[in-house]
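These notes concern the structure reproduced below.
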Amino acid sequence: MTTPTGLRAGGEALWRAVTAIHDDLDDTQLVTLEAACRQRDRTDQLATAAATGDAGALRHERDAALAMVRLLSALRLPNAAGRRAQLRSIRGVHQSPVKPSSLERAAARSSVKERLRSQDAEDTGI
């Protein structure tokens, strides 16, 4: 596979490392991999700036590294045993509209407990 243009050393190394092992990536995975490689280059730039004492760069470097890890995770590449990572949504990005809140779940549990208590009271004749 051809390395995307404009990648710096870190991004290019990441591209080569992944495509050397996984030569069967689909188009979506290739786009995600390219984004991860560009994020690697940004992380490297920010690490250089942070090393010179730029305090703001340190925080941005951490965020950029986290973004890169998330992109790489989204590839769901198989491990050495051939198993793929479990498919999960990125935290905070997708939540089911029908999923009850913790307060609703607590209220439902309380309601169930109350019904069980009243059934027990009826069964025992109290």
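The values are calculated or read from the model by the stated rules, or taken from the named source; none is laboratory data. Computed from a predicted structure; not experimentally measured. No Cβ is skipped: glycine too gets one built from the backbone with ideal geometry, and neighbour counts run over all protein chains shown. Quick note on the areas: whole protein, heavy atoms, side chains included, nothing else; ligands and nucleic acids left out. Shrake-Rupley method; radii C 1.70, N 1.55, O 1.52, S 1.80 Å.
Brief remarks follow.
- Along segment 25-40 the Karplus relation, 6.51 cos²θ - 1.76 cosθ + 1.60 evaluated at θ = phi - 60°, assigns HN-Hα couplings of 5, 7, 4, 5, 5, 5, 5, 5, 5, 4, 4, 5, 5, 5, 5, 4 Hz to successive residues, with x for each Gly and Pro.
- Note on Asp23: accessible area is roughly 120 Å² with a 1.4 Å probe, heavy atoms of protein only.
- Listed candidates (i) 15.4; (ii) 11.0; (iii) 14.3 - label of the one calculated as mean projected area of the Cα convex hull in nm²: (iii)
- With contacts taken as Cα pairs under 8 Å at a separation of at least 6 residues, the chain carries a relative contact order of 18 percent.
- Computed helical MRE - 222 nm, the chain, DSSP H runs ≥ 4 contributing -39500 (n - 2.57), nearest 500: -22000 deg cm²/dmol
- ³J(HN,Hα) computed for each position of segment 6-19 - Karplus, 6.51 cos²θ - 1.76 cosθ + 1.60, integer Hz, glycine/proline x: x, 6, 8, 4, x, x, 5, 5, 5, 4, 5, 5, 6, 6
- In the chain, the portion of solvent-accessible area held by carbon and sulfur atoms comes to 53 percent [1.4 Å probe, whole percent, DNA, RNA and ligands not counted].
- Residue list for segment 27-71, given a label point 7 angstrom along the Cα-to-Cβ vector of Thr19 and an amide N cut-off under 16 Å: 27-41
- Between Asn79 and Arg105, the simple label model (points 7 Å from Cα in the Cβ direction) yields a spacing of 2.6 nm.
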